[in-house]
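The structure appears right after this line, and notes come after that.
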Amino acid sequence: MQRPRWIPLAGLAFALCGCGPQAASPNRADVAALGVTLPDIHGEAVSPTAEYPDDVVVLAFWATWCQPCQQELSKMTGVYRAMQDRGLQMYAVSIDGPDTASQVATWVQREGYPFPVLLDRETQVLKRFNPRGEIPYYVVLDARGNVIRDHQGYMSGDVDALSAFLDQVLREQG
């Protein structure tokens, strides 16, 4: 079943203008912002927020110079495409610094990532979730911003395990 993505925006418009119903949809519940705001590769500020109470958000931290990160994101592309209609939101968060940041947009275009790519040039968001600051690293958050899984490093089979976990969580919540 395809999830309607326009309902939360309509509800937000009603909420901001102070008119309309309190809840835009019976599927919509109070969900928390994840407390993350970063620029995307076009310079626009993005604040990942769950749209529905059963959404799951993955923040995958990577860099253009990190080969295991590239392998992980390549595999995560398939997971995202398979589960995005079930409530999976995914963001690739680049930690490329000043010497490699100019390569991020070109890399993303070449690889064709279907999910938004954000820039954490000072690694503040990475260190919030992973104080060691090592990559590849991903964190899975529920709609209220609670960490429900995280993983450091990349080996063959890691993304398969993530996929099975996400499938189970989305099935239980859906």
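Since every read-out is calculated from the coordinates, none of them should be taken as a lab result. For clarity, every value in this text was computed on a predicted model and none was experimentally measured. No Cβ is skipped: glycine too gets one built from the backbone with ideal geometry, and neighbour counts run over all protein chains shown.
Take every Cα pair under 8 Å whose residues are at least 6 apart in sequence, average their separation, divide by the length of the range 47-154, and the relative contact order is 36 percent. Database remark: amide H of residue 41 closer than 5 angstrom to the amide H of 117 (H placed geometrically; neighbours at sequence offset of 5 or more, or on other chains; Pro and chain starts carry no H). Rounded to the nearest 5, the antiparallel percentage of DSSP beta bridges internal to the range 43-139 is 25%.
Can you check what the net charge comes to around residue 117, using other residues whose Cβ is under 11 Å from the Cβ of residue 117 (Lys, Arg +1; Asp, Glu -1)? The answer is -4.
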